[in-house]
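Visitor: Here's a structure for you.
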Amino acid sequence: LEFRRVLFRSLFTTLIKGYCRQKKLPLALKAKADMLEDGVNLNVVTYNSLIDVAIRCKDLQCATDLVTEMQEANIQPDLITYSTLMKGFCEQGDLSVALDLLTHLRAQGITPDEIFYNSLLEGCVKVATLPPNVALRTGLEVFGQMLSETCTPSNITFSILVKLYARADGLDAAMRLVQTMEQTFH
């Protein structure tokens with residue numbers, strides 16, 4: 001019986017991931033309801049897949065409701081959960097919530113990875129509500145935190161930083177940063 005539940009959970013989760021690619025949130029939520037009706041418990045992977053569908057469909061309320069439901073079921077959000085949520089808030093232009101998620105993530109004892117930081121930095125580039133110099137300052141603070149946690153930046157990180165500087169008319173400073181980082185990490 002347990003093998004059957006694990007198999008069905010895996011199949012349903014794969015189905016939800018397919019709905020994610022197609023951006024079909026109602027069908028993903030129906031699959032979740034079918035799982036519960038069939039007595040198949042959801043796990044962190046299933047919830048992360050559902051949250052991803054909600055984010056891709058730009059339904060942040062549904063995504064945050066799924067996180068709450070997940071926690072009420074005693075399933076702890078992981079780095080993927082927070083990364084997916086943060087990406088959605090950044091895309092919406094709500095950088096303050098994305099930054100709060102970084103704080104919350106750390107409070108949960110989860111260490112952000114390069115992908116998380118790069119997504120947050122990209123959010124600093126894209127946020128239209130902040131003046132470019134404020135977005136740059138915020139991005140540099142995030143980058144500083146990344147370095148302080150010994151999370152090694154990649155070429156992608158530097159490319160995002162150059163975009164951030166360019167938005168604030170600081171290409172000379174971007175060049176100096178890239179040169180400094182090239183010497184530091186090579």
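Visitor: If DNA, RNA and ligands are ignored and the probe is 1.4 Å, what is the ranking of 17, 30 by accessible area, most exposed first?
Guide: Ranked from most to least accessible, the order is 30, 17.
Visitor: As a test of the formula, what do you get for the chain when each DSSP H run with n ≥ 4 contributes -39,500 (n - 2.57) and the sum is divided by the residue count, at 222 nm and rounded to the nearest 500 deg cm²/dmol?
Guide: -25500 deg cm²/dmol
Visitor: Using a Förster radius of 25 Å, what is the FRET efficiency between residue 154 and residue 44 based on their Cβ-Cβ separation? Nearest 0.05, please.
Guide: 0.45
Visitor: Still on this model: For the pairs 58/163; 30/87; 24/87; 30/126, flag any whose C-alpha to C-alpha distance is greater than 29 Å.
Guide: Those over the limit are 30/126.
Visitor: Also: Tell me the relative contact order for the chain as a rounded percent, counting alpha carbon contacts under 8 Å between residues six or more apart.
Guide: The normalised contact order for the chain reaches 13 percent.
Visitor: Moving on. Can you return the aspartates and glutamates within cross-link range of residue 17? Criterion is Cα-Cα under 14 Å, with same-chain partners fewer than 8 residues away left out.
Guide: Qualifying aspartates and glutamates at Cα under 14 Å: 52.
Visitor: Let me ask you something else. Which angle between 0 and 90 degrees, to the nearest 10, do you get for helix 25-37 versus the longest principal axis of the chain when only C-alpha atoms count?
Guide: The helix 25-37 is inclined about 40 degrees to the chain.
Visitor: Going by a ≥ b ≥ c, the root eigenvalues of the Cα gyration tensor, does region 87-186 fall in the rounded group (a/c under 1.5), the prolate group (a/b larger than b/c) or the oblate group?
Guide: oblate
Visitor: Continuing with the same structure: Given bins 10 angstrom wide, list per bin the percent of all Cα-Cα distances in the chain, short to long.
Guide: 9, 33, 28, 18, 9, 2, 0
Visitor: Using only Cα atoms, find the angle between the long axis of helix 155-167 and the longest principal axis of the chain, and express it within 0 to 90 degrees, rounded to the nearest 10.
Guide: Roughly 60 degrees, rounded to the nearest 10.
Visitor: Each label point is 7 Å from the Cα along the Cα-to-Cβ direction; what then is the distance between the points at residue 182 and residue 71, in nm?
Guide: 4.5
The values are calculated or read from the model by the stated rules, or taken from the named source; none is laboratory data. Fair warning: this is a prediction, and the values are worked out from it, not measured in the lab. Using ideal geometry, Cβ is built from the backbone for each residue, glycine included, and neighbour counts are taken over all protein chains shown. The protein model used for the area step is the full one, side chains on, heavy atoms only, and it has no ligands, DNA or RNA in it. Shrake-Rupley method; radii C 1.70, N 1.55, O 1.52, S 1.80 Å.
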